[in-house]
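Here is the structure we will look at, set down as structure tokens.
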Amino acid sequence: MKLRSLDLQERFDFLTPRHELHATSNSGPRALEDEGFPFEKISQVAELESWRKEINRPIYHIHKWWAQRLGTVFRAISIGALTPAGTDVMDLFYRPARFRGSVVFDPFMGSGTTLGEAAKLGARTVGCDINPVAYFLVRTALSLHDRSKILAEFLSIERDVSATIRSWYRTCLPDRQAAEVLYFFWVKIVACPCCRHEVDLRSTRVFAHHSYPKRHPEARAICPKCDGICVVGYDDEQTQCGVCGHEFNPHSGPADGRKATCPTCLHAFPIAQTIRKTNRPPEHKLYAKLVLLGDGSKVYASATDDDRMLYESASRELATRVNPYPVVAIEPGHNTNQALNYNYRYWHEMFNDRQLLCLSILSDRIGAIEDPDLRNLFTCLLSGTLEFNNMFASYKGEGTGAVRHMFAHHILKPERVPLEANLWGTSKSSGSFLTMFKNRIRRALDYADDPFELRPRVHAGKGRSEKVFGLSESLGFNVADNYAEFASGKRMYLSCSDSSATDLPDRSVDAILTDPPFFDNVHYSQLADFFHVWQRHILGNDGLRRDRTTRSPSEVQNADVAQFTERLGAVWSEAHRILKDDGVLAFTYHHSRADGWRALLQALMTASFGITAAHPVKAEMTVALPKYQAREPIDLDIIVVCRKKFRLPRAEPHGNLWGVVLSCAASQMERLRATGRSLGRGDVRVIVMAQMLRQLSAFRDIDTALALLEASDSGIDTTITALHGNAGKTGRS
């Protein structure tokens, strides 16, 4: 007997208990388009994930990438995009739902969040990114791995090189006790333009304190007279050196913002300008170390002549090695100009000689691995340690991961008091090859074998979370290299290419889910080159690594808004071609500038998409440094849901545009406030702008929509001010 084909709603109702769902022709709305889509509940779960993303979604954090979105959000988006309207998304979130046969495409795959979350739900996935570093890390993370081979290879690497690398981090304490150094503390120095005396470029003499100084006020300061280490209170305004008796203010240093004052002649001078005149990167002075004792305790100590002699020995050893590191020039750009301004002309100049020596030893050993999959994985691991082992990294202090990585500001900002970590590391290290293997690679492998979701719980009146296992399929795939392999049955296809020109057939994708780049923010390729040159150094300069840079004239991200709009529109046009007529395009987005929203609207309408829903949801880490420093920090993304324009009812301008926008925005804000979430002005802006774009995108004429958007500028600001005033009356920070 031949069974009739079930539509999406019938398949959803029929299958229990695993909820095996299959893509099918269904022109009806999806759960992601419901006004009641539970974005506030999703945000509560996402909040739990955001505080420790590398622990709660370790598979996407084996290597640095920028603007990594929350897996919780994309699990919910995937469920909502592949189920019919009326589905209880939060109920299905905590059930083993499977979307067999559904194809999900991410044209900006970044760290692979979309692909991993859709694959956990049983979908077939296609990911594309123009940047080879992104492609490399996603392929490494989501490929099928043999755990026993990985562990055996790590132990082999450890036997071969760990002792040699650790020997460069040995020291002797005053009692002649031998010990291992966890971290060396350095400070940038420059000659005073007036008297030529050496000036430390530190703004404070305090170099080590606890991350929670009010609870743990003891800190360490360096004496300006003898370089002795003084134990001080974090709030002390005056102290006396226990070595030489000199009195000083521990919170005062020669550097103050962009200027420094010479302690010898009191001449004040501009720092960057003075360094530029030297025509070389700034020099550094070693002044302290944090030592690991045999009993596991740690002690701060002053740097000694023996420490400096050991470093000079490392410099001489480095000079004897053949092709020890990549020699590649840094190209000018928004995110590289600050480093160039300090005379850093080559990527290797961001490391000191000991770091380059140890990286060279480790790189040579990894490059000799015969198995290409293992060689790629350990190259990815070494590449990931680079952000913590360079002279742009700094000390966060006790009570947390000790090393503040070089991209904390999302730019290549020269660090005036850099921290040099022990590259191989110890059980007490942060950001080392050893700890990154344990905390990133092994944790990611554990998660891939048995993924979990977080569920909010209240215990003793306090919010907690629990891990819920058994909901998802394991991760690890034999990845297809082209569409033909994918069509033959492989579940995942990854491509390093331009997403505006894919090899996917027309109308072959059920849902396109992604997170597009901003045009004026972090330029990923400029920063990714830092990793790319080392990956290329180890793995060779063929294939995807032919070029010395990951920058491409075809990448969407561009400081010019017109070019950004054109290139984003080209990707959306390709999305329109490959998306099934009943499929949805959904992505997360936020922007603080009007032209960022205008570009998005123009790109979508040019590609013949209209917005059917827009939901606010928790975005990335709450305490991210760039967000903390922003004038109007944004803690929300907008889930923008789109359909092909010909599937939507015709809309024309009408007089109640503002009424609809205000009503939707106020309702969404109230739902967020009801869960205790406070909304900053930046958050209100993204909610209002998204609802405005939703209404305007329904118009057939692009010029009319853009003109209305431009004419609404003053009204938008007035509305944001009014809504923000109401939203700020309740809620939590």
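The values are calculated or read from the model by the stated rules, or taken from the named source; none is laboratory data. Bear in mind the structure is a predicted one, so any value in this text is a computation, not a measurement. Glycine also receives a Cβ, built like all others from the backbone with ideal geometry; neighbour counts cover every protein chain displayed.
Could you tell me which of the residues Lys627, Lys618 is surrounded by fewer than 20 Cβ atoms within 10 Å (Cβ to Cβ) and either at pLDDT below 95 or under 30 Å from Trp51 (Cβ atoms) (or both)? Before the answer, list the steps.
Working: Lys618 fails: surrounded by fewer than 20 Cβ atoms within 10 Å (Cβ to Cβ).
Just a single option satisfies the conditions, and that option is Lys627.
Just one of (1) in contact with a Phe, Trp or Tyr (Cβ under 7 Å, 6 or more places away or on another chain); (2) in a helix (DSSP H, G or I) trips up Asp91, so point out which.
The failed condition is (1).
Could you list all residues from region 455-476 that are buried (at least 21 other Cβ atoms within 10 Å of the Cβ) and either closer than 30 Å to Glu158 by Cα or aliphatic (A, V, I, L, M) (or both)?
Residue satisfying the conditions is Leu475 alone.
Would you mind telling me which numbered condition in (1) modelled with pLDDT under 95; (2) on the phi < 0 side of the Ramachandran plot; (3) buried (at least 24 other Cβ atoms within 10 Å of the Cβ) Leu419 fails?
Only one criterion in (1) modelled with pLDDT under 95; (2) on the phi < 0 side of the Ramachandran plot; (3) buried (at least 24 other Cβ atoms within 10 Å of the Cβ) is unmet by Leu419, namely (1).
Determine whether Ala393 is surrounded by fewer than 21 Cβ atoms within 10 Å (Cβ to Cβ) and under 30 Å from Lys188 (Cα atoms).
no
What about Phe519, is it buried (at least 24 other Cβ atoms within 10 Å of the Cβ), under 23 Å from the mean Cα position of the chain (by Cα) and part of a helix (DSSP H, G or I)?
No.
Condition (residue is assigned to a helix (DSSP H, G or I), of a type in the set (A, V, I, L, M, F, W, C) and crowded, with 21+ Cβ neighbours inside 10 Å) applied to region 67-75: is it met by at least one residue?
Yes, region 67-75 has at least one match.
Across region 194-235, what is the total count of residues that are acidic (Asp, Glu), over 36 Å from the mean Cα position of the chain (by Cα) and crowded, with 16+ Cβ neighbours inside 10 Å?
1
For residues that are farther than 23 Å from Tyr183 by Cβ, surrounded by 15 or more Cβ atoms within 10 Å (Cβ to Cβ) and either of a type in the set (A, V, I, L, M, F, W, C) or in contact with a Gly (Cβ under 7 Å, 6 or more places away or on another chain) (or both), tally how many sit in region 254-271.
Selection size over region 254-271: 4.
Give me a count of the residues in region 266-284 that are part of a helix (DSSP H, G or I) and in contact with a strand residue (DSSP E or B) (Cβ under 8 Å, 6 or more places away or on another chain).
Taking region 266-284 first, the residues part of a helix (DSSP H, G or I) are 271-278.
This time we only want the ones that are in contact with a strand residue (DSSP E or B) (Cβ under 8 Å, 6 or more places away or on another chain), so: 271, 274-275, 278.
Adding up the residues that qualify gives 4.
Pull up region 506-516, narrow it to residues that are part of a loop (DSSP other than H, G, I, E, B) and touching a Lys or Arg at 6+ places or on another chain (Cβ under 9 Å), then point me to the one that is nearest to Asp581 (Cα to Cα).
It comes out as Arg507.
For region 167-188, enumerate the residues that are surrounded by 17 or more Cβ atoms within 10 Å (Cβ to Cβ) and either assigned to a loop (DSSP other than H, G, I, E, B) or not hydroxyl-bearing (Ser, Thr, Tyr) (or both).
Trp168, Tyr169, Ala179, Glu180, Val181, Leu182, Phe184, Phe185, Trp186, Val187, Lys188
Of the conditions (1) of a type outside the set (Lys, Arg); (2) modelled with pLDDT under 95; (3) in contact with a Ser or Thr (Cβ under 6 Å, 6 or more places away or on another chain), Ile366 clears all except one; give me its number.
It fails just one condition, (2).
Determine, yes or no, whether Glu485 is outside any loop (DSSP other than H, G, I, E, B), closer than 27 Å to Phe105 by Cβ, free of Cβ contacts under 8 Å to residues at least 60 places away in the same chain and among the charged types (D, E, K, R).
Yes; evaluated as a whole, the condition is true for this residue.
On the given criteria, is Gln557 surrounded by 21 or more Cβ atoms within 10 Å (Cβ to Cβ), modelled with pLDDT under 95 and polar (S, T, N, Q)?
When the stated conditions are applied, Gln557 passes them.
State which residue is nearest to Leu604 (Cα to Cα) when the search covers only region 685-704 and only residues that are assigned to a helix (DSSP H, G or I) and out of contact with any strand residue (DSSP E or B) (no Cβ under 9 Å at 6 or more places or on another chain). Write out each step before concluding.
Within region 685-704, the subset assigned to a helix (DSSP H, G or I) is 685-696, 702-704.
Of the ones still in play, those that are also out of contact with any strand residue (DSSP E or B) (no Cβ under 9 Å at 6 or more places or on another chain) are 685, 688, 692, 702-704.
On the way: Arg685: 20, Val688: 18, Met692: 14, Ile702: 10, Asp703: 13, Thr704: 14 Å.
Per the stated criteria, the residue is Ile702.
Is it the case that region 441-448 has a residue that's surrounded by 16 or more Cβ atoms within 10 Å (Cβ to Cβ), of a type outside the set (A, V, I, L, M) and at pLDDT below 95?
No, the conditions are met nowhere in region 441-448.
Against the conditions (1) in contact with a His (Cβ under 8 Å, 6 or more places away or on another chain); (2) over 28 Å from Leu142 (Cα atoms); (3) at pLDDT below 95, where does Ser25 fall short? Just the number, please.
Result: Ser25 fails condition (1) only.
Name every residue in region 395-412 that is assigned to a loop (DSSP other than H, G, I, E, B), modelled with pLDDT of 90 or more and farther than 16 Å from Ser383 by Cα, in order of residue number.
Lys396
Inside region 98-109, can you point out the residues that are modelled with pLDDT of 95 or more and not in a strand (DSSP E or B)?
As a first pass, look at region 98-109 and keep what is modelled with pLDDT of 95 or more: 98-99, 102-109.
Passing the criteria: Ser102, Pro107, Phe108, Met109.
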